[in-house]
Every structure is written in structure tokens, then in C-alpha cells.
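Asker: One structure, pasted below without further comment.
The values are calculated or read from the model by the stated rules, or taken from the named source; none is laboratory data. This one's a predicted model, so the numbers in the text were calculated from it and none came from an experiment. Cβ placement follows ideal geometry from the backbone for every residue including glycine, while neighbour counts extend to all protein chains displayed.
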Amino acid sequence: MNNIETFKYDNRIVRAFAIATALWALVGTAAGLLAACQLFWPALNLDTPFTTFGRIRPLHTNAVIFAFVGNGMFMGIYYSLQRLCKARMYSDALSWFNFWGWNAIIVAAAVTLPLGLSTSKEYAELEWPIDMAIAVVWVAFTVNLLGTILKRREKHMYVAIWFYIATAVTVAMLHIFNSLAIPASLFKSYSVYAGVQDALVQWWYGHNAVAFFLTTPYLGLMYYFLPKAANRPVFSYRLSIIHFWALIFVYIWAGPHHLLYTALPNWAQSLGMAFSVMLIAPSWGGMLNGLLTLRGAWDKVRQEPMLKFMVVAVTAYGMATLEGPTLAVKSVNALSHYTDWTIAHVHTGALGWNGFLTFSLLYWLFPRLWNTKLWSVKLANYHFWVGLLGMMFYVVPMYTSGVTQGLMWKEFTEDGFLRYPNFLETVVRLVPMYQLRAIGGSLYVLGIVLMMINLYKTAQSGQFIGDQEAQAPALDLARKESPKLGHRWLEGVPVTFTVLSLIAVVIGGLVEIVPLYLVKENVPTIASVKPYTPLEVLGRDLYIREGCVGCHSQMIRPFRSETERYGEYSKVGEYIYDHPFLWGSKRTGPDLHRVGGKYPDAWHYNHMEDPRSTSPGSIMPAYPWLLSQKLDTSVLRPRMGALRRTGVPYTDEQIATAQASLEAQSKQVVANLAVGMITNAPADREIVALIAYLQRLGTDIKQAPTNPPVAMK
């Protein structure tokens, strides 16, 4: 008979993450509301470098994903893991290092992203020193997680722990490999990957950041908190086994569906599409396992706000994981990609699955941490209905907007001409839907405010329990058991379980990514494509700094509607010197891959100073500081040196004479501006470099436009 041991759960770390979760929920969604309003009210960009849409959007996504959801994930894991293992966390010091380190990283992101210090890689915009800090903090969390599992007092690991393990090892792998870069300075680096290779690695990371940061840990939390709140066992243990192993194996292959019809090789696109469609089965297996756990408990759902939030969260997960594979089908993706349809899809998951499940956890945890009852069930119900209404007002207009965009971009007249050759015609049509979205966002933020009031009052009415005493029999690992192998056996050997989980997720990454590095023919070169000039290098860096990739793509797909509008479709060999790639994932403005030479230099100058002077009705922010800020040329040689280390063939002579080359090209741009009646433009301003870069785009492969120039957004 095992001896009964007395120990204490650490609730202080859970409280810290819970408070941070609530605060970042408000900050992240408020930043998103600001970005949403900027798309129909350009004045909200405030004509300052730090508050434009291009800089606020990555701030919003990082705040929601890593601050709000990240803290919520740690909150739920630190609470549930201790109780599932019947053990205090392995190290209190590592727990607090995890908390302060993670939130310091978030603060660093909140400072650097508005400053324009960005890699431009979606969901991975933070520069290399912060990336290194993320890796260190994540390793500390993983050690704490695995250490707690190893000292557990329960022989078998419950299903939630399986998902926690998969999250820990996979996020580490994804983050490290996607963030590999060559530093040029303290806050500037260049991806070691170029063009199509960078695109594939980024979306291997980007899609699986959704899979293993926003999905697997939250599935673990669902498997713990939903049965607890409903006071019901999980519907099916066998289904949970299938759900887990199928999900982590299949999910890792799905990244290329973000790159359908691009320059990515067709075999990689087909793999991504096929595995994306297969994802429906394990994803819906998890959803059904969650909802069927509530069988016989629907009266409790009507009474408990926490369960209402949980039901909507699991349902949103099911809807998003059905829609995702649908959008990965090529015929559907041809319409949806680069449109607001994708934005609606992402927010179904973020607002519904992650947001509502996190709210559910907060409502469940606060009364238990403070040993009291929820201050106001009625207020929690108000939050539920306000938040649900806000979500509907957000996603329904965006679905409408996305389908409208896709159809307008592709529509031809009976005579075979584009019906809407002016991209701005589409933008203007969408403004009312952007306004409706802002109403939805406002309601969602209001719901968070109601929640924060409720949680604060709940904490005030109770007494916090910092160290919660518990008892459990000691685990005798030396005790002999049946030698039968199977999943029950595997749940008792966490090291083996972790290794097998890692193998399951590594296979897909190796099969998709390695061929692009080992088989040279998979990335063909084009003789006419040359590296960027020194001035163009700095101009491209300004394009990245201002977040232009958030609204403009640089990838013309092989559709008649796109080649008629923009020019020759994009080739893989055109991007071999692009560190990082800038293909984009959303067209709020037109594609720019063939914009070089389409407009005179003076047009670009005026467009950046006041977009509405060249494109009446445009929703693009103005960038007047580009006309006044001096171009920092002291960074030129270190940046060209860093690019050379990534593989760009700059010679010693080219780097040594970079300043002279830059000055000569700057003078040419100024001369071109004078032709356009702009005679007061100094050659040493940032706008000159940006114009040089824009005028370079697409000129390595010359193709006469099939349509006359039209106004940009």
C-alpha cells in the first residue's frame, strides 16, 4: 500500500497568469479594434510613424496570440497539470521565470513593433534578440512541464497532458527553425531562407503556430475543464487517442495550403491541400468528444455561464476546422485567398475558440482561487451574449466582404475586359462592411470590460488561497505491472511518449521542406534576376519597417484576372535574393510585384505623402515622415554583409563602393522627380530609397502591361 503524501498546489503562479490574461485580453482586442477602424477611417492612423495600420496590425496579432492566449494557456496548464499529476510544479523558480520572462517579451514586442522593428514574417515579426528570449523562456516552461510529469503521483497521464507535451516540443521546433536569421545589427536581421524556401518555412511555422499554440494546448484545456465543469467523464477515451495522434501527425503537413497557386512547387501545394482535407476527421473527432461529454448536462449548461462559453468555444473550433480544410481546396482558395474571407475564418477561431474558451476558464478559476462564488452570474451572462453578438457582427460582414472581393477581382465583361480594372472600386465597396466589423469589435471589447469588472469583484469578495493543500498516495514506479504494450502503457512512460510525439510532427516537416534545400532544380534561377542595389536594399527595409506587406502582396497568381490586372505571373526564380520573402497574405491594396515602371517616380512621391491626392477614396495611410526623415546610410555595409552571409552574391567591391552606388542612384531618382514637377526633394531622404525599391519590382522580367495604368488604393 502506497504511503499518503501531503503537498501543496501553487495557486500564486496561476493567479499571476490569470490577471495577465484578463489585462492582455483588453489590450489585444482594443488594438485590433483600432486597426479595424483605421480601414474605414484613415485619419485614425494619426499621420505618425508609430500608429499606422502597418505597425498596429502586427502589434494586435502578437498581443492576442502570445499575450492574451499565451497567458491563458499558461494559466490553464499550471492549474490543471498540478492536479492531474497530483504534484506541485517541478520548480517555483522556473514557474516565475516563465511568467516574468514571457510578459517581458510581450512588453518588448509592444515597444519594438510600433517602432517598425519587424522581420515582417507573419506571427513571427519579432527581431532576433527577442526570438532568442522566447526560446529561453519556452525551454524553461518545457523543463518545468516535463519535470512535473516525471515527479507525478499518478501513473497514467490524462489526455490533457498529451496535448501539453505536443505543444511544448512542437512550438520549440517551429520557433527555432523559422527564426533562423543573420543579424545585421541589434534589431535588424535577415532570414537565412530566401524566396520560396522562406515562404514554405514561414507557413510551416505560421499554420502550425495556429495548430500547436492556439489549438493543441486549448484542446488539452478543453479535455480537463469541460468534464470538470459538467461533472461528467470524457465521452470517449478511445476517440481521444485517435484525436490526439491523428491531429499532431496530420496538422504539420498543412502549411502549404497558404501558398496555393503561388510559385511554390505543385507537389508541395498538393501535399498541403491533401493533408488539410484530412484534418477534418481528427478535428471533428475532438469537437464531438467535447460536445458529447455534455450529454445529460444541458440543464447545467443553461445555468452556468462558464459552460455556455465552453459550448460556443468548442462549436467555433468545429466550424473553423471544417472551414479551414474547405479553404485549402484549390478551387475554393482561388476565390478566397488574399481576401477578407480568410480574416473572417481566422477570427472565428480567435474570437470563438480561443477567446470564449479563455473567458470560460477565467470564470471557472477566479471563484476557486479566491474560495468564493462568482460575483454576478447575470453579468457573466451579459458578457456571453454581448460577446457572441460582437463575434457575429465581426465575422458575417467579413465573409460578405471576402466573397465580394474575390468575385469583383475576377469578373470580366461580355467583351472580355476586367469589369473592375481599378482596384480602388473594390476597396470602396467594402467600407460599409468594415464599419459593421468595427461595431462587432466594439461589442466584443465591451464584453471583456464586463468580465474584468466581474472578476475583480469576485476576487474582492473572497480570500485568495496561495498554497492549496492536497493529499495523494506516492507513486511507486518500481512496482511491477503487466508487460502488455498499448496506449495505457505509453501513458506511463512520459519520456517515450514525448519522443514519439516529436517524431510524429517531424516527419511532415522533413518531407515538405528538405527537398527544397537538397534538390537544386526545385528552385530554378533566372539569369536576368540580380541582387538589389544598395539603395534598393534600404528601400526594401523601409517597406518592411512600415508594414506594407500587411496590405500588399508581391505574388501574381496564374489566373487571367490577375495577369490582366497586374502583368506576367510570378516565377519562383524571381525571389532567390528575397530575404525575407514578401508575398503577403492579404490584399487590402493591389499586388505590387509588377509595379516597377508602371508609374513615374513623382506619382509614388505624391502617393506616399497623401494617397488621396493620387487615388481619391483611398483608405491607405499617409507617410509624410518618409519625405522628411534622412536615410540612415551608416547601416548599409553591415546589412549588405549580412545578406551576403545568407547567400546573396555581393562582392567585396560592391560592398566597398555601396555608398557611391547609393548616391548615384539617389540622384537619378531626384532627377526623375524633377521631371514630375517635384523639385524640392533632397537625395538623402527615405522616400528616395522606397521609390527606388518600388520601381525595381518586376523589372527583372519585362512584360508590357495589357491594361493602361489604373489608380492604386
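Asker: Using beta carbons and a limit of 9 Å, which pairs, at least six apart or on different chains, have the first residue in the stretch 89-101 and over 22 Å from Asp131 (Cα atoms) and the second one among the aromatic types (Phe, Trp, Tyr) and buried (at least 18 other Cβ atoms within 10 Å of the Cβ)?
Answerer: So the pair list comes out as Met89/Tyr9; Met89/Tyr78.
Asker: Which residue is farthest from the chain's Cα centre (by Cα), if the candidates are limited to the stretch 8-46 and must be at pLDDT 95 or above and not in a helix (DSSP H, G or I)?
Answerer: The qualifying residue farthest from the chain's Cα centre (by Cα) is Lys8.
Asker: For a quick check of your reading of the model, give me the residue pairs whose first member lies in the stretch 265-285 and is of a type in the set (S, T, N, Q), whose second is part of a helix (DSSP H, G or I), with beta-carbon atoms closer than 6 Å and at least 6 apart or on different chains.
Answerer: From the stretch 265-285, the pairs are Gln269/Pro256; Ser276/His257; Ser276/Pro325; Ser283/Thr321.
Asker: For the stretch 398-413, state whether one or more residues are more than 33 Å from the chain's Cα centre (by Cα), loosely packed, with under 14 Cβ neighbours inside 10 Å and not polar (S, T, N, Q). So that I can check it myself, show each step before the final result.
Answerer: Start the filter on the stretch 398-413 by keeping residues that are more than 33 Å from the chain's Cα centre (by Cα), which leaves 412-413.
So of that shortlist, the ones also loosely packed, with under 14 Cβ neighbours inside 10 Å come out as 412-413.
Adding the requirement that they be not polar (S, T, N, Q) leaves 412.
Within the stretch 398-413 (the criterion being more than 33 Å from the chain's Cα centre (by Cα), loosely packed, with under 14 Cβ neighbours inside 10 Å and not polar (S, T, N, Q)), the answer is yes, since at least one residue qualifies.
Asker: Also, I was wondering about something else. Please name all residue pairs, on different chains or six or more residues apart, with Cβ atoms under 7 Å, provided the first residue is in the stretch 104-124 and is at positive phi and the second residue is at pLDDT below 95 and assigned to a helix (DSSP H, G or I).
Answerer: Sorted first by the residue in the stretch 104-124, then by its partner, the pairs are Tyr123/Gly206; Tyr123/Ala209.
Asker: In addition: Touching a helix residue (DSSP H, G or I) at 6+ places or on another chain (Cβ under 6 Å), surrounded by 19 or more Cβ atoms within 10 Å (Cβ to Cβ) and not assigned by TED's automatic domain parsing to the domain that holds Ala36: does that describe Arg594?
Answerer: Values: touching a helix residue (DSSP H, G or I) at 6+ places or on another chain (Cβ under 6 Å): yes; surrounded by 19 or more Cβ atoms within 10 Å (Cβ to Cβ): yes; not assigned by TED's automatic domain parsing to the domain that holds Ala36: yes.
It is true that Arg594 is touching a helix residue (DSSP H, G or I) at 6+ places or on another chain (Cβ under 6 Å), surrounded by 19 or more Cβ atoms within 10 Å (Cβ to Cβ) and not assigned by TED's automatic domain parsing to the domain that holds Ala36.
Asker: Out of the stretch 49-85, which residues are free of Cβ contacts under 8 Å to residues at least 40 places away in the same chain and in contact with a Lys or Arg (Cβ under 8 Å, 6 or more places away or on another chain)?
Answerer: Just the residues of the stretch 49-85 that are free of Cβ contacts under 8 Å to residues at least 40 places away in the same chain, to begin with: 60.
Residues satisfying the conditions do not exist here.
Asker: Considering the stretch 592-629 alone, what residues qualify as being of a type in the set (S, T, N, Q) and closer than 30 Å to Glu568 by Cβ?
Answerer: To start, the set of residues in the stretch 592-629 that are of a type in the set (S, T, N, Q) comprises 606, 613-615, 618, 628-629.
Passing the criteria: Asn606, Ser613, Thr614, Ser615, Ser618.
Asker: Can you confirm whether Thr358 is among the polar types (S, T, N, Q) and either in a helix (DSSP H, G or I) or within 30 Å of the chain's Cα centre (by Cα) (or both)? Outline the logic, then answer.
Answerer: Values: among the polar types (S, T, N, Q): yes; either in a helix (DSSP H, G or I) or within 30 Å of the chain's Cα centre (by Cα) (or both): yes.
Spelling it out, Thr358 is indeed among the polar types (S, T, N, Q) and either in a helix (DSSP H, G or I) or within 30 Å of the chain's Cα centre (by Cα) (or both).
Asker: Out of contact with any helix residue (DSSP H, G or I) (no Cβ under 8 Å at 6 or more places or on another chain), within 30 Å of Leu44 (Cβ to Cβ), at pLDDT 95 or above and surrounded by 15 or more Cβ atoms within 10 Å (Cβ to Cβ) - does that describe any residue in the stretch 678-701?
Answerer: Within the stretch 678-701, one or more residues are out of contact with any helix residue (DSSP H, G or I) (no Cβ under 8 Å at 6 or more places or on another chain), within 30 Å of Leu44 (Cβ to Cβ), at pLDDT 95 or above and surrounded by 15 or more Cβ atoms within 10 Å (Cβ to Cβ).
Asker: Looking only at the stretch 533-561, count how many residues are farther than 19 Å from Pro265 by Cα and under 27 Å from the mean Cα position of the chain (by Cα).
Answerer: Looking only at the stretch 533-561, we keep the residues that are farther than 19 Å from Pro265 by Cα, and these are 533-552, 560-561.
Narrowing the set further to residues that are under 27 Å from the mean Cα position of the chain (by Cα) leaves 537-552.
Qualifying residue count, the stretch 533-561: 16.
Asker: Determine whether the stretch 222-233 contains at least one residue that is closer than 23 Å to Glu323 by Cβ, surrounded by fewer than 23 Cβ atoms within 10 Å (Cβ to Cβ) and modelled with pLDDT under 95.
Answerer: No, that holds for no residue.
Asker: Further question on the same structure: Would a scan of the stretch 446-468 turn up a residue that is in contact with a strand residue (DSSP E or B) (Cβ under 9 Å, 6 or more places away or on another chain) and exposed (fewer than 15 other Cβ atoms within 10 Å of the Cβ)?
Answerer: Yes: one or more hits.
Asker: Something else: State all residues of the stretch 585-603 that are of a type in the set (Gly, Ala, Ser), part of a loop (DSSP other than H, G, I, E, B) and on the phi < 0 side of the Ramachandran plot; if no residue qualifies, say none.
Answerer: Filtering the stretch 585-603 for residues of a type in the set (Gly, Ala, Ser) gives 585, 589, 596-597, 602.
Now narrow it down to the ones that are part of a loop (DSSP other than H, G, I, E, B): 585, 589, 596-597.
Scanning the stretch 585-603 gives Ser585, Gly589, Gly596.
Asker: What are the residues in the stretch 325-343 that are touching a residue at least 40 places away in the same chain (Cβ under 8 Å), closer than 21 Å to Tyr251 by Cβ and not polar (S, T, N, Q), if any?
Answerer: Just the residues of the stretch 325-343 that are touching a residue at least 40 places away in the same chain (Cβ under 8 Å), to begin with: 325, 327-330, 333-343.
Subset that is closer than 21 Å to Tyr251 by Cβ: 325, 327-330, 333, 336-337, 342.
Of everything in the stretch 325-343, those that are touching a residue at least 40 places away in the same chain (Cβ under 8 Å), closer than 21 Å to Tyr251 by Cβ and not polar (S, T, N, Q) turn out to be Pro325, Leu327, Ala328, Val329, Lys330, His337.
Asker: Is there a residue being under 26 Å from the mean Cα position of the chain (by Cα), outside the structural domain of Leu26 (by TED's automatic domain parsing), aromatic (Phe, Trp, Tyr) and assigned to a helix (DSSP H, G or I) anywhere in the stretch 416-432?
Answerer: Within the stretch 416-432, not a single residue is under 26 Å from the mean Cα position of the chain (by Cα), outside the structural domain of Leu26 (by TED's automatic domain parsing), aromatic (Phe, Trp, Tyr) and assigned to a helix (DSSP H, G or I).
Asker: Would the stretch 529-545 turn up any residue that is touching a residue at least 12 places away in the same chain (Cβ under 8 Å), assigned to a loop (DSSP other than H, G, I, E, B) and crowded, with 24+ Cβ neighbours inside 10 Å? Give the derivation first.
Answerer: First, the residues of the stretch 529-545 that are touching a residue at least 12 places away in the same chain (Cβ under 8 Å): 529-545.
Filter once more, so that each one left must be assigned to a loop (DSSP other than H, G, I, E, B): 529-533.
Next cut, crowded, with 24+ Cβ neighbours inside 10 Å only: none.
No.
Asker: Another one. Please determine whether any residue of the stretch 127-136 is touching a residue at least 60 places away in the same chain (Cβ under 8 Å) and small (Gly, Ala, Ser).
Answerer: So the first thing to find is which residues in the stretch 127-136 are touching a residue at least 60 places away in the same chain (Cβ under 8 Å), and the list is 127-128.
This time we only want the ones that are small (Gly, Ala, Ser), so: none.
Scanning the stretch 127-136, I find no residue that is touching a residue at least 60 places away in the same chain (Cβ under 8 Å) and small (Gly, Ala, Ser), so the answer is no.
Asker: Looking at Ile241, Ile248, which one is part of a helix (DSSP H, G or I), more than 24 Å from the chain's Cα centre (by Cα) and among the β-branched types (Val, Ile, Thr)?
Answerer: On the way: Ile248 fails: more than 24 Å from the chain's Cα centre (by Cα).
Just a single option satisfies the conditions, and that option is Ile241.
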